[in-house]
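Below are the structure tokens for one structure; questions will follow.
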Amino acid sequence: MGRSNRAGELLIRMRAGETVPLQDTNPYVREACAMKEVILTAPELQKGFPRIFPHAASPVWADVGCYFGETIAEMAGNVPGFNFLGVDIRYKRVVKSGRRARRLGLSNLCIVLCDAEMFLETLPPGVLAGISVFFPDPWPRAKHRKHRFVNRDFLSLAASRCRPGGLFWFKTDQQEYFDEVEETAAECGFHPDRVPPAILGGRDYDSVFQRLFNQEPGGVFQAVWKAGELKS
Ligand SMILES: C[S@@+](CC[C@H](N)C(=O)[O-])C[C@H]1O[C@@H](n2cnc3c(N)ncnc32)[C@H](O)[C@@H]1O
């Protein structure tokens with residue numbers, strides 16, 4: 001079976017070196033292609049928020065690594081005056097997040113199938129009210145740390161894609177990952193802010209992985225940082 005153009009757009013957004021499942025062998029690729037109103041490709045995102053959300057002027061929050069969409073759907077239901085983008089690299093997770101948005105009738109939530117860094121690159125500067133990244137894959141072994149997506153490139157893009165005063169909310173169970181992100185966030189122009197952020201209703205959002213790590217002795221490390229003025 002051939003691929004539609006839309007599948008092509010979805011598939012080229014994979015990480016470099018990743019094998020590409022075909023539509024006829026992976027039912028989630030087919031479903032992702034069909035869920036046009038809720039699952040976006042990077043080129044569709046590039047066309048701008050008016051084509052995506054009924055209330056295009058509302059502030060936009062992105063949850064990167066949204067998994068099955070539980071946390072971003074909770075945010076979208078709790079803060080109807082904002083638009084929300086859930087971002088993930090895995091077809092099954094994106095499809096399940098999209099199904100959840102549909103089931104809950106959340107017109108202020110769309111899901112983007114995209115690599116984290118490419119997602120930020122696709123956006124124009126200064127458009128996000130905030131970004132959350134909860135429990136990104138930790139890659140705890142030193143030789144694997146290069147795979148962590150919350151790195152200097154990501155944080156520098158995050159600072160530029162946030163509007164002035166926009167927020168970055170980060171959670172992890174790895175103290176050493178947290179320390180590294182804290183130091184790099186400051187170097188990228190972020191300043192410490194209040195946890196949890198008032199603009200999301202001033203309450204915490206327990207993610208699936210947070211519920212796992214809450215039971216662990218090490219616990220959870222988290223912070224919110226605020227972006228400064230955009231650099232010209
Ligand atoms: C450990 S899970 C955490 C899920 C959720 N945020 C939570 O706290 O329960 C990490 C998620 O990040 C996604 N992910 C990993 N690398 C990514 C990348 N480069 N771009 C976008 N998402 C990515 C994975 O597919 C997975 O859904």
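Residue-wise test of (1) surrounded by 19 or more Cβ atoms within 10 Å (Cβ to Cβ); (2) within 11 Å of the ligand (Cβ to nearest atom); (3) free of Cβ contacts under 8 Å to residues at least 24 places away in the same chain.
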| site | (1), (2), (3) |
| --- | --- |
| 25 | no, no, yes |
| 33 | yes, no, no |
| 41 | yes, no, no |
| 56 | no, no, no |
| 59 | no, no, no |
| 64 | yes, yes, no |
| 103 | no, no, yes |
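Could you say which residue among 163, 203 is more than 14 Å from the ligand (Cβ to nearest atom) and either buried (at least 19 other Cβ atoms within 10 Å of the Cβ) or in a loop (DSSP other than H, G, I, E, B) (or both)? Walk me through how you get there before you give the answer.
Numbers: 163 fails: either buried (at least 19 other Cβ atoms within 10 Å of the Cβ) or in a loop (DSSP other than H, G, I, E, B) (or both).
Unique residue meeting the criteria: 203.
What number of residues in region 194-232 are of a type in the set (D, E, K, R) and in contact with a helix residue (DSSP H, G or I) (Cβ under 9 Å, 6 or more places away or on another chain)?
Residues flagged as of a type in the set (D, E, K, R) and in contact with a helix residue (DSSP H, G or I) (Cβ under 9 Å, 6 or more places away or on another chain) within region 194-232 amount to 4.
To continue, here is another question. What tally of residues in region 206-232 results from selecting those that are within 16 Å of the ligand (Cβ to nearest atom) and of a type in the set (Asp, Glu)? Don't jump to the end; show me each part of the working.
Step one: of region 206-232, the residues within 16 Å of the ligand (Cβ to nearest atom) are 206-216, 218-224.
If we keep only those that are of a type in the set (Asp, Glu) too, we end up with 206, 216.
So the answer is 2.
Let me ask something additional. Hey, residue 13 hits all of (1) closer than 12 Å to residue 94 by Cβ; (2) modelled with pLDDT of 85 or more but one; which does it fall short on?
(2)
Are there any pairs, at least 6 apart or on different chains, whose C-beta atoms fall under 7 Å, with the first in region 179-204 and more than 12 Å from residue 222 (Cβ to Cβ) and the second in a helix (DSSP H, G or I) and of a type in the set (A, V, I, L, M), and if so, which?
184/155; 185/155; 188/155; 188/159; 189/159; 190/159; 200/75
Looking for something under 16 Å from residue 181 (Cβ atoms) and in contact with a strand residue (DSSP E or B) (Cβ under 9 Å, 6 or more places away or on another chain) - is there at least one such residue anywhere in region 90-110? Before the answer, list the steps.
Of the residues in region 90-110, the ones under 16 Å from residue 181 (Cβ atoms) are none.
Looking through region 90-110, none of the residues is under 16 Å from residue 181 (Cβ atoms) and in contact with a strand residue (DSSP E or B) (Cβ under 9 Å, 6 or more places away or on another chain).
Might you check whether a residue that is within 16 Å of the ligand (Cβ to nearest atom) and touching a Gly at 6+ places or on another chain (Cβ under 7 Å) occurs anywhere in region 120-130?
For region 120-130, residues within 16 Å of the ligand (Cβ to nearest atom) and touching a Gly at 6+ places or on another chain (Cβ under 7 Å): present.
Checking residue 84 against (1) buried (at least 22 other Cβ atoms within 10 Å of the Cβ); (2) more than 9 Å from the ligand (Cβ to nearest atom); (3) closer than 19 Å to residue 149 by Cβ: exactly one of these is not met. Which one?
Looking at each condition in turn, residue 84 falls short on (3).
Related question: Exactly one of (1) buried (at least 24 other Cβ atoms within 10 Å of the Cβ); (2) over 13 Å from the mean Cα position of the chain (by Cα) is unmet by residue 77. Its number?
Going through the list (1) buried (at least 24 other Cβ atoms within 10 Å of the Cβ); (2) over 13 Å from the mean Cα position of the chain (by Cα), residue 77 breaks only (1).
Further, regarding this structure: Which members of region 206-232 meet the condition of being exposed (fewer than 14 other Cβ atoms within 10 Å of the Cβ) and under 20 Å from residue 160 (Cα atoms)?
Within region 206-232, 229, 231, 232 qualify.
Still on this model: For region 70-94, how many residues meet the condition of being part of a loop (DSSP other than H, G, I, E, B) and of a type outside the set (Gly, Ala, Ser)?
So the count comes out to 5.
Among the residues of region 127-146, is any under 21 Å from residue 43 (Cβ atoms), in contact (Cβ under 8 Å) with a residue 24 or more places away in the chain and not in a strand (DSSP E or B)?
The answer is yes, given that some residue of region 127-146 is under 21 Å from residue 43 (Cβ atoms), in contact (Cβ under 8 Å) with a residue 24 or more places away in the chain and not in a strand (DSSP E or B).
Let me ask another. Does residue 184 satisfy the criteria of being of a type in the set (Val, Ile, Thr) and either within 11 Å of the ligand (Cβ to nearest atom) or within 16 Å of the chain's Cα centre (by Cα) (or both)?
So residue 184 does not fit the description; no.
Let me ask you something else. In this structure, is residue 97 crowded, with 21+ Cβ neighbours inside 10 Å and either outside any strand (DSSP E or B) or more than 15 Å from the ligand (Cβ to nearest atom) (or both)?
Details: crowded, with 21+ Cβ neighbours inside 10 Å: yes; either outside any strand (DSSP E or B) or more than 15 Å from the ligand (Cβ to nearest atom) (or both): yes.
In short, yes.
The values are calculated or read from the model by the stated rules, or taken from the named source; none is laboratory data. The structure displayed is predicted, hence computed values, not measured ones. All Cβ positions, even for glycine, are placed from backbone atoms using ideal geometry, and neighbour counts span all protein chains on display.
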